[in-house]
Amino acid sequence: MNKFEESDDWVAPDFFNKLTRNQKYAIIHFLGVIAASDVHAHSKINKKEYYFINFYYKEFKVSVEKYLAYIAMGGKEQVIADLKSLSKLNMQGLVFATTELCNYSGSMNDDELLTIADWVDSLGMTMNEWNDFYNNFDEFNNRPSESFDEEDD
């Protein structure tokens, strides 16, 4: 097993609770877009980023085939709608997951930041609102102990 395949260090999974199938797909898609945003600078997705995203496929118990069908049917508009429907706790999980993902390439680079800013704008948020989810960690520290287990593929 590769040392990056599983990690007890990942914080974000503890923030995802009672997700619908579409919300799980939307989170995976969003993370994939961020991971791919700087591929031109590295010529391929960083292996650590790949394993991080693969972790969510496993933890969310979703199949690649059904994820691809979701994207083919709804596209970015569906992803945005599903991300907008996330609870505050789940949105904080997305922010933490995105931060963790970006840290695997060293730190958040300009390509990742621009991509995140574009998506945040599409979500009807500002970057300050996005950052508040990360900066106001204590506000969400009373998260439930059960994690994302509402629907499986």
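So, in segment 79-130, exactly how many residues are at pLDDT below 90 and part of a loop (DSSP other than H, G, I, E, B)?
Here the count works out to 6.
If you take the residues of segment 48-105 that are in contact (Cβ under 8 Å) with a residue 40 or more places away in the chain and among the acidic types (D, E), which of them is nearest to Y134 (Cα to Cα)?
Of everything passing the filter in segment 48-105, E100 is nearest to Y134 (Cα to Cα).
When you scan segment 25-34, do you find a residue that is at pLDDT below 90 and in a helix (DSSP H, G or I), even just one? Reasoning before the result, please.
Within segment 25-34, the first condition is being at pLDDT below 90, and the residues that meet it are none.
Within segment 25-34, not a single residue is at pLDDT below 90 and in a helix (DSSP H, G or I).
Is it the case that segment 53-73 has a residue that's among the aromatic types (F, W, Y), modelled with pLDDT of 90 or more and more than 13 Å from the chain's Cα centre (by Cα)?
Yes, some residue in segment 53-73 is among the aromatic types (F, W, Y), modelled with pLDDT of 90 or more and more than 13 Å from the chain's Cα centre (by Cα).
Yes or no: segment 131-140 includes at least one residue that is in a helix (DSSP H, G or I), more than 14 Å from the chain's Cα centre (by Cα) and within 21 Å of T20 (Cα to Cα). Walk me through how you get there before you give the answer.
Residues of segment 131-140 that are in a helix (DSSP H, G or I), as a first pass: 131-135, 137-140.
Still in the list and also more than 14 Å from the chain's Cα centre (by Cα): 131-132, 135, 137-140.
Remaining after also requiring within 21 Å of T20 (Cα to Cα): 140.
Yes, there is a match, as at least one residue in segment 131-140 is in a helix (DSSP H, G or I), more than 14 Å from the chain's Cα centre (by Cα) and within 21 Å of T20 (Cα to Cα).
Have a look at D14, D9 and point out the one that is within 20 Å of C102 (Cβ to Cβ), charged (D, E, K, R), assigned to a helix (DSSP H, G or I) and at pLDDT below 85. Can you show your working first?
On the way: D9 fails: assigned to a helix (DSSP H, G or I).
So the residue among D14, D9 that is within 20 Å of C102 (Cβ to Cβ), charged (D, E, K, R), assigned to a helix (DSSP H, G or I) and at pLDDT below 85 is D14.
The values are calculated or read from the model by the stated rules, or taken from the named source; none is laboratory data. What you see is a predicted model, and the numbers here were worked out from it, not measured in a lab. Using ideal geometry, Cβ is built from the backbone for each residue, glycine included, and neighbour counts are taken over all protein chains shown.
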